[in-house]
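Novice: Structure incoming, see below.
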Amino acid sequence: MVQMVSSPSSPVTITVSSSGGKGGGFRSMGLTSPISRNSPLGRNGASSGGRRASSGETGKYCSMSKDEAEEVSSEFVNYTVHIPPTPDHQTMNSSQYSLPDDDAKDPGKPNRSYISGTIFSGGFNSVTRGHVVECSGDRHEMVKSMAMICGMEGCDGKALKGDGRVPCDCGFKICRDCYLDCLGNGGNCPGCKEPYRDVTDDDGARSEAGDQACPLPSMVDRRLSLVKSFKAPNPPDFDHNRWLYETKGTYGYGNAVWPKDGYGGGSGVNGFEYPPDFGERSRRPLTRKVSVSTAILSPYRLLMVIRLVALGFFLTWRIRHPNHEAIWLWGMSVTCELWFALSWLLDQLSKLCPVNRVNDLSVLKDRFESPNLRNPKGRSDLPGIDVFVSTADPEKEPPLVTANTILSILAVDYPVEKLACYLSDDGGSLLTFEALAETASFAQIWVPFCRKHRIEPRNPEAYFGQKRDFLKNKVRLDFVRERRRMKREYDEFKVRINSLPESIRRRSEAYNAHEELKAKRKQLEMGGNPSEKLKVPKATWMSDGAHWPGTWSSAENDHSRGDHAGIIQAMLAPPNSEPAMGPEADDENPVDTTEVDIRLPMLVYVSREKRPGYDHNKKAGAMNALVRTSAIMSNGPFILNLDCDHYIYNSLALREGMCFMLDRGGDRICYVQFPQRFEGIDPNDRYANHNTVFFDVSMRALDGLQGPMYVGTGCIFRRIALYGFSPPRATEHHGWFGRRKMKLWLRASRKVAKEETDDMVFPINGEHNDEDDDGDIESLLLPKRFGNSMALVASIPVAEYQGRLLQELQGKGIQGRPAGSLAVPREPLDAATVAEAISAISCYYEDKTEWGRRVGWIYGSVTEDVVTGYRMHNRGWRSVYCITKRDAFRGTAPINLTDRLHQVLRWATGSVEIFFSRNNALFASRRMKFLQKVAYFNVGIYPFTSFFLLVYCFLPAMSLFTGQFIVESLNVTFLIFLLMITITLCLLAILEIRWSGITLHEWWRNEQFWLIGGTSAHPAAVLQGLLKLIAGVDISFTLTSKSSAPDDGDDEFADLYIVKWSFLMVLPITIMMVNTIAIAVGVARTIYSPFPQWSRLLGGVFFSFWVLCHLYPFAKGLMGKRGKVPTIVFVWSGLLSIIISLLWVYISPPAGSQVFMNFQFP
């Protein structure tokens, strides 16, 4: 059976076929457009306002089933799906949004979302296909509560929602007959148990617009058109009388009396109260900047000056007093000390202005989620947020870890209709896809449970693994029972996730065996040779008997890790704008959700297309694909990106980040960076995995300048900043050290006639040219910059408008949006929109565009996060560091020594790439502060310190071997300078600990690993960077493995004791052996010397001991759990000992034995 699904005015034709799957278990759909994307209309067919091509255009159509999909002509390779809106025809209708199933004809059965049950795939030289998967896991009660039928038990009548409204504000669906019965039996709503409001029989004829947020006349202006989607028609004229009647409101402030709560009678004089002070509420700040105590900061800065002066005198004295007996030793030591002084100065300058920040969530709620004149219903006026989660390999990044991250996102405390979650599977794995489907099913019970009992954290693995009292602050009597049932549900969920690999393997083997039998039978029917071996591809099969369009376990053409189609699947469709209460607890529902909103945010699976011959740019390319996909499907003005192992630990984290974006001056903030916190680290933090010195000292200090760096995860972006736009205003720094400032206004609107639409200017300034910031949007938003997707281009001004500050916060020259302008329902998702998103993740989309160069995540470095943040700061944007009282996010870090070294190697290699590229801070623009330039320059130069550090680690051993020292003698001047430098360093460390909140143990671990990384990973990074620069050798890194939660009885820190040999261990082992042998040689020589020089021995032993103390964690890591040393360590130690002994005998042979050192032929 083939059914045609199309719209009378749409050129898109959708064919749904029920053949081809096992037992009719799947449907396939083909989508094409009669307009080629390379045609003139494909580029210019949409106006700047976002309207698509008119319905009068003609062209060819292609409808296909699964068997016919391969016969499509290449004429439709590059396509655009057009569904033009008209006043009489909305783009969203039943034929597009609902499945064309026979059951849909029955009005008593709910229509299932067409988008959430369809896998869309396509890409280069392929047609966009929609594979409809049968849904069997939906809960009956949940479907009933979300559908258009009566919610009363035993009734399947049509709910009053169909005529445009619900009798009760709680959203409980009820038919007219049941509603009249309820009015006769007390008048209470069956959902919320509250009395129904007074209504008349004529109320049933009101349209759904009556429940929407009705703005005041000042809001209905030409700027409101930007809030609406580019597919929606113009809103109707505003009816003041109807608004006043339906909300029981008044014209508000200025009336003689003000109703309590804005509408009804109160307890004041004659039932009324004075009007609330809206001005006071709007003036309250969302955030505050708290400076570090002067009692700590002033001595800290003074000690920096004292140490700098002491270093200057010390280096001057060292240069003027060379050691003529060992000039080579003196020269190397002075060179290293000069470099160390420069490195310390660069690192310390960025720490001059540390700050702390706090926010006020109550003000955020009052300003954006409370009833007001323009939002009488009190719907959320917060802007939307799109959350990006990236994963690449289900073997190194376990699906259960990713699933827990997704669950923590879906349960976050943020308006459901304003949130969308996108998972990027760069491996195109069916395992990740089915794990996400299981996660979406489990979220239907987990998310309501978290909302009802205010669970923290909302990662089920972390929550059930807590060792604290879970009954603390819990007052509901049903909590223990529901928690017990939820724990059992989660255990079953874990078993299903863990069994997926075996299930997929068995399923694929069974289907492949069946395909081989069919092929042999067909061979016999065609008269072929039975002994001839048939080549049947070993496909990976989905559960409904269809080929997986992504990567197969046995790689084939079009189905390998680097060669597969693009895939988009909306696991959870966009929710309704009205809250939906759930059913009571029963055998199928472990949680009583009658008082809980059971809606879930939109959840989308995305796997971008990959083809041979294209550079896919690793994680940066995957992030840019998500940016384009989300812009077309949800277009949240803000973006949060997380690694698959970093989950939301604080459900209020998104609100705390949005406080900075929406506060006065927030329109200049490009991103809000949160610190990274880690779990599963050994208590001693042997390899400084917590990295608190960087996250709590360096990043907090950068927050006092132009803002912290972007560190790759846990960051909320402003979408237009990712698009490469300049901030609305910036400051240029001229003169020495940027002391002379010049303010620039980079965004202004042209004065146009009242009936015209505002043209918003989006300046996109390059790093090396000063373009005119005033221009038309049509000339700036060219396909050359963003690609040839008109839907993507049209979404940009909408995202810019929704990300603006409120008009009440705007100052001179600042554009704002009216309050309540975002309290409107999101437009539903349709098939044409998803098909457009498929084209945006194709492998060829970024060709000849600015993606990766000036737009989105920047390509060309393995540390694309630092480069992306640098580009934004270079345009004049600011960033903010948000440290919350309760950790915002938590993740995992490699506790194994080898994995940790490889992680540091990748970071250091990226820094070397930055140093040798145009992203070097030496070429930064004048919009970046001087100290911010110093911080970015230090990021690029710190790996080069490793060579000087290596030399300095071998100097004590050379001193002990030769009996010389870096100075002629340990005189008083040298010791005083050395003492001053050491004491000031310790005092600076103590003050850093005071104002940052870290511990002395964390500071010392950081110092130890600085030397370990500087003698192992950093030199290798410099060599790799030079090879790439000189010889063009590409740098590739293996993905860091993410550890899953240990099973009961397993050692939580088992990876800590695993010794995996790596070439990075050679230099530290050599340093330890050389210094150990040198100490023994030096002591022996001094003891047996007729003229012992104890001062030189003391100096050499002191510095050798300093080196060995820093390398102690490295040595302990080589011992393993039970002190077992790997064989390779003994081999290297013995080899090094022999070599060093021979060199020593050759350099300083015993007296009277020189003849034995000469080799002669017989």
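The values are calculated or read from the model by the stated rules, or taken from the named source; none is laboratory data. Because the structure is a prediction, the values reported are computed rather than measured. Note: ideal-geometry Cβ built from the backbone for every residue, glycine included; neighbour counts use all protein chains shown. In case anyone asks, the SASA skips ligands and DNA or RNA and just uses the protein heavy atoms, side chains included. Shrake-Rupley method; radii C 1.70, N 1.55, O 1.52, S 1.80 Å.
Novice: Only one of these conditions is not met by I504: (1) modelled with pLDDT of 90 or more; (2) loosely packed, with under 13 Cβ neighbours inside 10 Å; (3) within 32 Å of the chain's Cα centre (by Cα). Which number is it?
Specialist: Failing condition for I504: (2).
Novice: Would you point out the residue of the stretch 573-621, among those that are more than 29 Å from L431 (Cβ to Cβ) and in contact with an Asp or Glu (Cβ under 6 Å, 6 or more places away or on another chain), that is most open to solvent (accessible area, probe 1.4 Å)?
Specialist: E584
Novice: Additional query: Are any of the residues in the stretch 1001-1020 buried (at least 23 other Cβ atoms within 10 Å of the Cβ) and either touching a strand residue (DSSP E or B) at 6+ places or on another chain (Cβ under 6 Å) or outside any helix (DSSP H, G or I) (or both)?
Specialist: For the stretch 1001-1020, residues buried (at least 23 other Cβ atoms within 10 Å of the Cβ) and either touching a strand residue (DSSP E or B) at 6+ places or on another chain (Cβ under 6 Å) or outside any helix (DSSP H, G or I) (or both): present.
Novice: Since R890 meets every condition but one in (1) open to solvent by 20 Å² or more (accessible area, probe 1.4 Å); (2) more than 30 Å from V401 (Cβ to Cβ), which condition does it not meet?
Specialist: Among (1) open to solvent by 20 Å² or more (accessible area, probe 1.4 Å); (2) more than 30 Å from V401 (Cβ to Cβ), the lone unmet condition for R890 is (2).
Novice: Looking at (1) out of contact with any Asp or Glu (no Cβ under 7 Å at 6 or more places or on another chain); (2) modelled with pLDDT under 80, which is the only condition N765 fails?
Specialist: (1)
Novice: Take the residues in the stretch 812-850 that are of a type in the set (G, A, S) and farther than 28 Å from K377 by Cβ; name whichever of them is most open to solvent (accessible area, probe 1.4 Å).
Specialist: Out of the qualifying residues, it is G813.
Novice: I'd like to check something: does the stretch 1026-1037 contain any residue that is at pLDDT 80 or above, touching a helix residue (DSSP H, G or I) at 6+ places or on another chain (Cβ under 8 Å) and either farther than 30 Å from E968 by Cβ or surrounded by fewer than 18 Cβ atoms within 10 Å (Cβ to Cβ) (or both)?
Specialist: Looking through the stretch 1026-1037, at least one residue is at pLDDT 80 or above, touching a helix residue (DSSP H, G or I) at 6+ places or on another chain (Cβ under 8 Å) and either farther than 30 Å from E968 by Cβ or surrounded by fewer than 18 Cβ atoms within 10 Å (Cβ to Cβ) (or both).
Novice: For residues that are in contact with a helix residue (DSSP H, G or I) (Cβ under 7 Å, 6 or more places away or on another chain) and open to solvent by 10 Å² or more (accessible area, probe 1.4 Å), tally how many sit in the stretch 633-644.
Specialist: Selection size over the stretch 633-644: 2.
Novice: Is there any pair linking a residue in the stretch 293-311 that is modelled with pLDDT under 95 to one that is small (G, A, S), with Cβ under 7 Å and at least six apart or on different chains, and which?
Specialist: The qualifying pairs are L311/A341.
Novice: Taking the stretch 545-572 as the search range and keeping residues that are open to solvent by 20 Å² or more (accessible area, probe 1.4 Å) and of a type in the set (G, A, S), which one is nearest to K193 (Cα to Cα)?
Specialist: Looking at residues that are open to solvent by 20 Å² or more (accessible area, probe 1.4 Å) and of a type in the set (G, A, S), I get S553.
Novice: Okay, next question. Check whether at least one residue in the stretch 877-895 is touching a Lys or Arg at 6+ places or on another chain (Cβ under 7 Å) and over 26 Å from I648 (Cβ atoms), and report yes or no.
Specialist: no
Novice: Evaluate the stretch 936-951: report whether one residue or more is closer than 15 Å to L1011 by Cα, among the small types (G, A, S) and assigned to a helix (DSSP H, G or I).
Specialist: The answer is yes, given that some residue of the stretch 936-951 is closer than 15 Å to L1011 by Cα, among the small types (G, A, S) and assigned to a helix (DSSP H, G or I).
Novice: So how many residues does the stretch 799-829 have that are farther than 18 Å from G666 by Cα and within 26 Å of the chain's Cα centre (by Cα)?
Specialist: Count: 6.
Novice: So, one more: Does any residue of the stretch 773-786 turn out to be modelled with pLDDT of 85 or more and among the hydrophobic types (A, V, I, L, M, F, W, C)?
Specialist: Residues of the stretch 773-786 that are modelled with pLDDT of 85 or more, as a first pass: 785-786.
When the remaining residues are screened for being among the hydrophobic types (A, V, I, L, M, F, W, C), the result is 786.
Yes; the residues of the stretch 773-786 include at least one that is modelled with pLDDT of 85 or more and among the hydrophobic types (A, V, I, L, M, F, W, C).
Novice: I would also like to ask the following. Tell me, please, whether a residue that is closer than 23 Å to S795 by Cβ and either in contact with a Lys or Arg (Cβ under 9 Å, 6 or more places away or on another chain) or outside any helix (DSSP H, G or I) (or both) can be found in the stretch 643-658. Don't jump to the end; show me each part of the working.
Specialist: So the first thing to find is which residues in the stretch 643-658 are closer than 23 Å to S795 by Cβ, and the list is 654, 657-658.
Next, only the ones that are either in contact with a Lys or Arg (Cβ under 9 Å, 6 or more places away or on another chain) or outside any helix (DSSP H, G or I) (or both) stay: none.
Scanning the stretch 643-658, I find no residue that is closer than 23 Å to S795 by Cβ and either in contact with a Lys or Arg (Cβ under 9 Å, 6 or more places away or on another chain) or outside any helix (DSSP H, G or I) (or both), so the answer is no.
Novice: Within the stretch 332-366, can you find the residues that are in contact with a strand residue (DSSP E or B) (Cβ under 9 Å, 6 or more places away or on another chain) and either free of Cβ contacts under 8 Å to residues at least 24 places away in the same chain or not hydrophobic (A, V, I, L, M, F, W, C) (or both)?
Specialist: P354, N356, R357, N359, D360, listed by residue number.
Novice: Looking at F965, F954, which one is in contact (Cβ under 8 Å) with a residue 24 or more places away in the chain, more than 27 Å from T294 (Cα to Cα) and part of a helix (DSSP H, G or I)?
Specialist: Testing whether each residue is in contact (Cβ under 8 Å) with a residue 24 or more places away in the chain, more than 27 Å from T294 (Cα to Cα) and part of a helix (DSSP H, G or I) leaves just F954.
Novice: Name the one entry in R374, R357 that is within 33 Å of the chain's Cα centre (by Cα), open to solvent by 10 Å² or more (accessible area, probe 1.4 Å) and at negative phi.
Specialist: One residue alone meets the criteria, R357.
Novice: Give the residue, chosen from E482, E489, that is at pLDDT below 95, over 18 Å from the mean Cα position of the chain (by Cα) and either within 24 Å of L654 (Cβ to Cβ) or open to solvent by 10 Å² or more (accessible area, probe 1.4 Å) (or both). If you could, list the steps in order and put the result at the bottom.
Specialist: Details: E482 fails: either within 24 Å of L654 (Cβ to Cβ) or open to solvent by 10 Å² or more (accessible area, probe 1.4 Å) (or both).
The match here is E489.
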